[in-house]
1. Mind checking whether some residue in segment 315-338 is free of Cβ contacts under 8 Å to residues at least 40 places away in the same chain, touching a strand residue (DSSP E or B) at 6+ places or on another chain (Cβ under 6 Å) and more than 17 Å from Cys188 (Cα to Cα)?
2. Within segment 165-221, which residues are part of a loop (DSSP other than H, G, I, E, B), farther than 19 Å from Thr248 by Cα and more than 15 Å from the chain's Cα centre (by Cα)?
3. Would you confirm whether any residue within segment 220-238 is within 30 Å of Met155 (Cβ to Cβ), touching a residue at least 40 places away in the same chain (Cβ under 8 Å) and in the same structural domain as Gly386 (by TED's automatic domain parsing)?
4. Looking at (1) surrounded by fewer than 20 Cβ atoms within 10 Å (Cβ to Cβ); (2) within 22 Å of Val406 (Cα to Cα), find the lone condition where Val108 falls short.
5. Could you identify the single residue in His199, His214 that is surrounded by 11 or more Cβ atoms within 10 Å (Cβ to Cβ), in contact with a Lys or Arg (Cβ under 7 Å, 6 or more places away or on another chain), under 22 Å from Phe267 (Cα atoms) and modelled with pLDDT of 95 or more?
6. Can you tell me which residue is farthest from the chain's Cα centre (by Cα) among those in segment 19-43 that are farther than 22 Å from Met410 by Cα and acidic (Asp, Glu)?
7. Can you list the helices (runs of 4 or more DSSP H) found entirely within segment 1-114 that contain at least 2 residues being closer than 30 Å to Thr177 by Cα?
8. Can you confirm whether Leu16 is outside the structural domain of Thr217 (by TED's automatic domain parsing), within 23 Å of the chain's Cα centre (by Cα) and either of a type outside the set (Gly, Ala, Ser) or buried (at least 17 other Cβ atoms within 10 Å of the Cβ) (or both)?
Amino acid sequence: MKLGINGLGRIGKLTLWRQLALKHFPEVVVNVGRPVGRSLDDLLQIVATDSTYGHLGTFLHGHRGGRVIEEANDTEGTAVIAGTPVRFLRTQRNPRDLAWRDHGVRLVVDCTGAFLDPTTPADDKTGSLRGHLAAGASKVLASAPFKIRNKGLAMPDDATTVVMGINDDTYNPGRHTLISAASCTTTCLAFMVKPLLDHFGADRILSASMVTVHAATGSQSVLDTLPKAGATDLRKSRSVMNNIILTTTGAAKTLRLVIPEMAKIGFMAESVRIPTTTGSLVILVVNLQSDHAQTPINRTDLNTLYKDAAEGPYAGYLAYSDAQNVSSDIIGYPHAAASIEATETHTRTAFTRIDLRQLPGLPEQLLTSLATPVIEVPVTQAVIYGWYDNELGSYVNMLTENIAHVASKMV
C-alpha cells in the first residue's frame, strides 16, 4: 500500500520524515500543489533540512548523518529518499484532482489544514476532504480537528475523531472513511485528563480549565500585517517574533469527541502563543471533590496517579518527569503525547459553602427538615503541568501511529 500526503507544511514534512524512518509504506506520494523553487532539487533541499529539527540525515542516522536523497528526477518528480521511493505532485491543489487512484494510493493524510469540514461534498470547487475519496483514496486522515462550517449540520456517520491510546477502539474500518487525528493540544490534554477520570470519575471533577502556552504556527505573521477584510481578531496579524499573543483553541470541544465523559464537566480552554518554534505546555486546573476533609487529595496522590498511569495503561503515550524541564527539553523527545512536570503539581483544599436554598428544584420539605440549609464540601483545586512537542515529538509521532492503525485494518 502506498501512502499519500497532501501538504508539505510543518506537519506534512515531518510526517514524511517519520515515514522515511519507519518504512511502513513501500512508496510515498506527496502532493505539494505547486512548483517549488527552480526545480525538484530545490524542493528536495527543503525536505532534507529543518530549522527546528536539523538535517534529515542526522534525524535518520544520528551523528553519522550522510546523504539520504538519491536518483532525483525533475521530469518525473521522483526521488529515492533513505531507500524509499517518493513522488512529488506539483500541479493540483483541489483534492478531487489529485488522481490518487492512478498513483496506487488508498490511504491519504491531509496536512494542509485547509480541508476540515467533513460535510463538504467532494465536488466543491474550493476543495474538500471527500475530494480525496473521489480521487481514489479509501481512507483520509486529517491532521487537525474537523470544523463543520454549517452549525446546523451533524457530524457525518462516516467521520470520526481518534486519539491513539484514548479512543482508538471506537474506530470502525467498515464505517469510517474520514478520520481526524485531533490537534496537538487536544492530544496532550486527553492524556492529562484521562487518568483523572479513570481514578476519580466524572462526578468528582467539579470543573476544569486549561491554558496552552503554545509555540508559534505557520498561520501567524512574522511581522505586523494588515488584517483581512472582516477580520475580528486583530492580534492574528501581529508579529509572532515580538509578542505574546492571546488566541483561541478548540481543544475543549474536540476533547469531548474523544472522551465523551467530559460533556458532564464544565470545562474551558484558552491559548497563548509565544515566540518559540515548537515545544508547548498545557496548564490544567481541576476542582476535585475530596472524600474526607481530614485526608484531602494532595500533590503526592496526583503525582503517584500519573506515574502509575505512565508506567501502566498509558505507557508509550504519557510520560512522567521529576526533572525541572524547560520547553527546549521536550523538542523531539519524549515520544509521548504529554509529559507531566511533577515538580510543579500543586494542590490546595478548602471548604466550599453551598446554600441549598439557591439550588433549583429541591423540595421545600427537605430544606425545612435540615438543621441548616448551608453545607460545606471539601474541594481540592489542583494545578497540573504537561509538556508536549506540538510538532514532531508529540503530535507527528501520534499521527504516525494513527496512520499505521488505519492502514493495518485496510483490506
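The values are calculated or read from the model by the stated rules, or taken from the named source; none is laboratory data. Remember, predicted model here, so these are calculated numbers, not experimental data. FYI the Cβ positions are ideal-geometry reconstructions off the backbone, even for glycines, and counts take in every protein chain you see.
1. no
2. Residues satisfying the conditions are Tyr171, Asn172, Pro173, Gly174, Arg175, His176, Thr177, Gly201.
3. yes
4. Single failed check for Val108: (1).
5. Values: His199 fails: in contact with a Lys or Arg (Cβ under 7 Å, 6 or more places away or on another chain).
It is His214.
6. It comes out as Asp41.
7. Values: elements: 10-22, 40-48, 56-61.
By residue number, 10-22.
8. Numbers: outside the structural domain of Thr217 (by TED's automatic domain parsing): yes; within 23 Å of the chain's Cα centre (by Cα): yes; either of a type outside the set (Gly, Ala, Ser) or buried (at least 17 other Cβ atoms within 10 Å of the Cβ) (or both): yes.
Criteria met by Leu16.
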